[in-house]
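Asker: Following this message is one structure expressed as structure tokens.
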Amino acid sequence: MSSIGFTGTELLKNIKKRTYTSKAELVRECGYQEVDYYGEEKINYSKFYDEFLKAFGVSIKKNYSNNDKFPNNKKNNKELSNDLLNRYLSELNELVGLSSVKEEVKDIINLNQISKEREKLGLINEPISMHLVFQGPPGTGKTTIARLIGKIYKSIGILSKGHFLEVDRSKLIGRYIGQTTHITRKVLEQAHGGVLFIDEAYSLLQDGDNYKCPYGQECINTIIKYMEDNRNQIIVIVAGYPKEMENFLSTNPGLKSRFNTFLNFPSFRSGELLEIFSSRVNESGYFISDDAKQFLKVKLERMTLFNKKYNGNARSIRNLFELIKKKQASRLMKKEFRTKEDLVNLTLEDFYLTDKELDSI
């Protein structure tokens, strides 16, 4: 419980609003409230009035009552869930590009919400396969979307935890018969209640470039059984290049029947890559000059047009930013004195990269 202890003038300055809808709002604004053990808000009107009148030099006898309680602003679970869902949808909408992926995710959310409403009313409900296939090259937002899906599914009551666990072949495949089942099941148990994201899932069946992994099928069978035994308790997302993912799913009928929702992640266009770069620059407290931005725009257009390695890959953009920061640091160290403006500005000189430096990203 706080105490004002100001003169009348200072007290008026402390009150930010000129009009209040209730005594409770005014008292709360001045800090005369506390939260009890159970999270309920309590307001001390008596102490507030005493100090308020004292601050203005007024002596009035008054009967105080706690009946005028501050309205209960506690939100019910449904309201809180809607707030969370709206927050995650805003995060989704703010992502650069991926318009088709965003629409597909929203369609999936709508389908699940309607399904839950039908279930509450006792209507016939076809089971929905929650597991997903993400198809696309690296650096196109697959991991970011997978994380968001876990949070979204938690907010609408599909998943109990909504946490995210990313694994690859090295985290699932053992070195001898029987070990893979144990390792895979342990990973699945860690992901229980959330999302298990398996990147380059087809590598589970590979041992190098030409040979099939002898333990890959053991891993897949363990995953399928766990998915079946723990419906609505875990969502598995498998990801990778389109052609390889198609081949992977065809290796086991159980896989194909459980993964029937596909999200295609296109490569980012040069303009979108520039937007991603600019956003990263701003978030990191840097500024990029107009001539440097124009230079980078032309550079990105050429990179995405002539070199598939950089085509639509946001990871390369992150690496590019780190390289440019190093270039800026080297340039600034040549100066005897450096201002704050020097430290935050990226100039055209910082964007002159050699072919070797470009290959490094």
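Asker: Filter the stretch 106-156 down to the residues that are among the small types (G, A, S) and either surrounded by fewer than 20 Cβ atoms within 10 Å (Cβ to Cβ) or within 15 Å of the chain's Cα centre (by Cα) (or both) and list them by number.
Answerer: Hits for the stretch 106-156 are S115, G122, S129, G141, A146, G150, S155.
Asker: Another question about this same structure. Which residues, counting only those in the stretch 310-361, are farther than 30 Å from Y241 by Cβ, of a type in the set (V, I, T) and either buried (at least 18 other Cβ atoms within 10 Å of the Cβ) or touching a helix residue (DSSP H, G or I) at 6+ places or on another chain (Cβ under 8 Å) (or both)?
Answerer: T347 - this is the single residue of the stretch 310-361 that is farther than 30 Å from Y241 by Cβ, of a type in the set (V, I, T) and either buried (at least 18 other Cβ atoms within 10 Å of the Cβ) or touching a helix residue (DSSP H, G or I) at 6+ places or on another chain (Cβ under 8 Å) (or both).
Asker: Could you list all residues from the stretch 174-183 that are surrounded by fewer than 22 Cβ atoms within 10 Å (Cβ to Cβ) and either in a helix (DSSP H, G or I) or not charged (D, E, K, R) (or both)?
Answerer: Matches in the stretch 174-183: G174, Y176, I177, G178, Q179, T181, H182, I183.
Asker: Taking the stated definitions as given, is L343 modelled with pLDDT of 85 or more and over 30 Å from N93 (Cβ atoms)?
Answerer: yes
Asker: What pairs can you find where one residue is in the stretch 217-230 and in contact (Cβ under 8 Å) with a residue 60 or more places away in the chain and over 11 Å from I173 (Cβ atoms), the other is outside any loop (DSSP other than H, G, I, E, B) and of a type outside the set (K, R), and their Cβ atoms are less than 8 Å apart, with a gap of 6+ or different chains?
Answerer: If the second residue must be outside any loop (DSSP other than H, G, I, E, B) and of a type outside the set (K, R), the pairs left are M227/V236.
Asker: Residues that are in contact (Cβ under 8 Å) with a residue 60 or more places away in the chain, at least 1 per element: which helices (runs of 4 or more DSSP H) completely within the stretch 252-361 meet that?
Answerer: The helices (runs of 4 or more DSSP H) meeting that bar are 253-258, 270-283, 314-332.
Asker: Also, I was wondering about something else. State yes or no: is L165 surrounded by fewer than 20 Cβ atoms within 10 Å (Cβ to Cβ) and under 12 Å from I237 (Cβ atoms)?
Answerer: Spelling it out, L165 is indeed surrounded by fewer than 20 Cβ atoms within 10 Å (Cβ to Cβ) and under 12 Å from I237 (Cβ atoms).
Asker: Tell me the residue from G162, G157, G97 that is within 20 Å of N264 (Cβ to Cβ), in contact (Cβ under 8 Å) with a residue 24 or more places away in the chain and not in a helix (DSSP H, G or I), please.
Answerer: G97
The values are calculated or read from the model by the stated rules, or taken from the named source; none is laboratory data. All values reported here derive from a predicted model rather than from experimental measurement. Note that each Cβ is placed from the backbone with ideal geometry, even for glycine, and that neighbours are counted across all protein chains shown.
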